[in-house]
1. For the range 147-163, enumerate the residues that are more than 15 Å from residue 376 (Cβ to Cβ) and touching a helix residue (DSSP H, G or I) at 6+ places or on another chain (Cβ under 7 Å).
2. Are any residues in the range 868-913 at pLDDT below 95 and more than 27 Å from residue 941 (Cβ to Cβ), and if so, which ones?
3. Do we have any residue at all in the range 148-159 that's surrounded by fewer than 19 Cβ atoms within 10 Å (Cβ to Cβ) and closer than 29 Å to residue 230 by Cβ?
4. Which ranges mark the strands (runs of 3 or more DSSP E) fully within the range 631-731 that have 2 or more residues being over 22 Å from residue 866 (Cα atoms) and touching a strand residue (DSSP E or B) at 6+ places or on another chain (Cβ under 9 Å)?
5. Is it the case that residue 563 is touching a residue at least 60 places away in the same chain (Cβ under 8 Å), loosely packed, with under 15 Cβ neighbours inside 10 Å and either in contact with a helix residue (DSSP H, G or I) (Cβ under 8 Å, 6 or more places away or on another chain) or under 20 Å from residue 85 (Cα atoms) (or both)?
6. Looking only at the range 299-320, which residues are in a strand (DSSP E or B) and either in contact with a helix residue (DSSP H, G or I) (Cβ under 7 Å, 6 or more places away or on another chain) or surrounded by fewer than 18 Cβ atoms within 10 Å (Cβ to Cβ) (or both)?
7. Within the range 536-550, identify whether any single residue is over 14 Å from residue 517 (Cβ atoms) and not in a strand (DSSP E or B), and answer yes or no.
């Protein structure tokens, strides 16, 4: 018998968005539902029309088959192999929209039995499939039930007429991977296939709540609109609704009923009712104080019995755009946002409640207050958590047609798909106070299909603004486009500031993507926020993105690990025998490499150093110096005082001392400042002095236990005093070999000039690394020109020749008390207009495993990303200094280092236990187990072999990081220019 769903071929019909699917609504049916999650019978077919065989394997639901060893060689039940594939813009097949591959279209067939409870007799029975990628076909007992598209929203099907209570039925869910819908789901992510969210079976009374719309204003005005249906068609007489809000009884609005009757909007089929109230002394919701109320809506039969119930947690708040300001409850708020995919390194797109909570708790601890659900509606639980923990959400529709954006934006065949996806997102998420902006999608050009979707949103939900990045092609100030917010991506900061100062700005400018977090990145983040906070009209943006989307992979067979979880190691590193896979690691020929690894956290959720930078930029408390007589403390929150915080003062002195004192935070309302006296008497001696206010949570919070550090603002109280000529020269002899290289018992490689760093992802994709290689900076040839002794000092002149250009380098070695002072000069030719670094590199003997330093830390920092690393006394093992970016690259640097020691913690007293280096001024320093060429040559960390000793870089100048892998490069002030560079340092044995 021919299957009508296969005959219809919905996977190549963009006009068909669904068949047999129930309308989307905001009634949460998870409570009381029967979960169908677990192992289902499974077959992976080569194409949707391929015959289903007799042999079945199993697959976990929810889950993606691409992460469950689908088609592994030793499993005869899975002859088809389909593994994750990563592409950013390009589609993974050549067919133009709306077509998809005919013969190579992996199709998963899921099947299981369900027992229909006998007590469900006479009730409406519904199957809910949380999400399926990308086309879902539903059969029950062989009968076609329905079709759904949109990989990131649930689909519900009424099974009342196809199942019998008290009996068993067989449910088959067929998921077709490639379709016309894939062309508008072309997001920057792994391509997967499967059922990615939970499958539920639930029942309701024939008389049921079809939808509930809640509008709760900041002034306490509450309006609840209820849509009522009956499975039999005609509504029974006398039904009504009631509600309860945290114990406050709510009744149906009689005035609304009367107006509906007078307007002839009442019929036997359409059931509309409204509950209206004004809540006195309402506690408003915002991201800082996310106050929630419990709301219960009840649908009653005429005799008063309850037919249906809908429960919600709601927040009272207003969102509006006034002029060029986005206001929440009348306040202009900064959007400190991040883009977030549903992702897990073991399960792909399937994310548990605990995983989502851990995501948001981590973001909250590091000062983020906003999430853009890039680039589709996230799992419903995320919005519950955002409501509870306090996040502003830009809810984004599942529309991205990147590879064919221009063709699809005005294609009438896709018109219904655009409106369908946007409207269903709004219908599902409209009652969440965390959702403050609707987004029409991402990177899909701009056309009539967007305007149609925007028109539906504006009619259905006038309480929120909407945005769409693609509308920027018409200009940031155009008032007629479908975007109430100017939300460009990766716009140069100078362009943003110029727009805000032009007098032509008409709407808030909040970048939907900026500061691309690929590898060692996010340079100039502090410069961006200094400009945002100083420029009216600029209101923040969303960093791209939260996760490094590395998939845990076994090295021996190249397969994803899946749900087992073996190989998770922590601290951003996979255990031996495993690695974090990125594009190309699953054998795919067409891929976009490590561009998938562009998050502020590693795949195991370990924070990258940029997180500490962001935490300080978002600090709720700021400190500045007041005329050298006191301190100015300021509250940089929008709605909250400082009562939830505690503080402690910490004074770091250059002589090694750290003094502490308790801090009494003043009672400051948002935006207020206060002058307080210096908490500690500054010693007359001790040199350079830095005062830090360590701010922690005063009590346990939903996102942080008591004592969690929130920020650590710092001020300089005293600069370093001039040391005159430094250490006095002493008699002695500096040893150099015939090549003019320093001979020292603790060094295995003498200090030489370094202009090269293992290219960061920004260096590679931004084109700088290619230019440096063209100049030959990765393979400079050193030639000694002269060696000259003058008393106790030795002067060595050398030339470093590249493919083009010659660098003249001079080293002067002078014996000083207990050590050697090294004075260096490098003269870069004009053609070397932008190099990675200028400095010294040397290597030490084995066993020096502990680094202690005075400077910025303890986190990794660089010239244009150092705001999150306060100056102080720090200590870490050498192995902890290295940052394991998924593709090995320059990492582990510390900015502003004044001095450091490398020592052997377990050494005996029979000889030197380490070395000490003092720098002439704060410099960029790195100490790792790897040479730059080791990092440059490796594609993954499992390929790296640590050296026994330490590789030490002392940089006179180091290039900023920028974000040029996708976005602007660093600023000119952070570039390393040609010309003469001087630096000096002293080396001593401990």
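1. Initial filter on the range 147-163 (more than 15 Å from residue 376 (Cβ to Cβ)): 147, 156-163.
The answer is 147, and nothing else.
2. Scanning the range 868-913 gives 907, 908, 909, 910, 911, 912, 913.
3. yes
4. Details: elements: 645-653, 658-663, 673-677, 689-697, 709-711, 714-718.
In the range 631-731, the matching strands (runs of 3 or more DSSP E) lie at 645-653, 658-663, 673-677.
5. Working: touching a residue at least 60 places away in the same chain (Cβ under 8 Å): yes; loosely packed, with under 15 Cβ neighbours inside 10 Å: yes; either in contact with a helix residue (DSSP H, G or I) (Cβ under 8 Å, 6 or more places away or on another chain) or under 20 Å from residue 85 (Cα atoms) (or both): yes.
Against the criterion (touching a residue at least 60 places away in the same chain (Cβ under 8 Å), loosely packed, with under 15 Cβ neighbours inside 10 Å and either in contact with a helix residue (DSSP H, G or I) (Cβ under 8 Å, 6 or more places away or on another chain) or under 20 Å from residue 85 (Cα atoms) (or both)), residue 563 qualifies.
6. Let us first name the residues in the range 299-320 that are in a strand (DSSP E or B), namely 299-300, 306-314, 316, 319-320.
Within the range 299-320, 300, 306, 309, 311, 313, 320 meet the criteria.
7. Within the range 536-550, one or more residues are over 14 Å from residue 517 (Cβ atoms) and not in a strand (DSSP E or B).
The rows are residues; the columns are (1) within 30 Å of residue 97 (Cα to Cα); (2) buried (at least 18 other Cβ atoms within 10 Å of the Cβ).
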position	(1), (2)
178	yes, yes
190	yes, yes
193	yes, yes
206	no, no
221	no, no
230	no, yes
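The values are calculated or read from the model by the stated rules, or taken from the named source; none is laboratory data. Keep in mind the model is a prediction, meaning the values are calculated, not measured. Glycine gets a Cβ as well: all are built from the backbone with ideal geometry, and neighbour counts include every protein chain shown.
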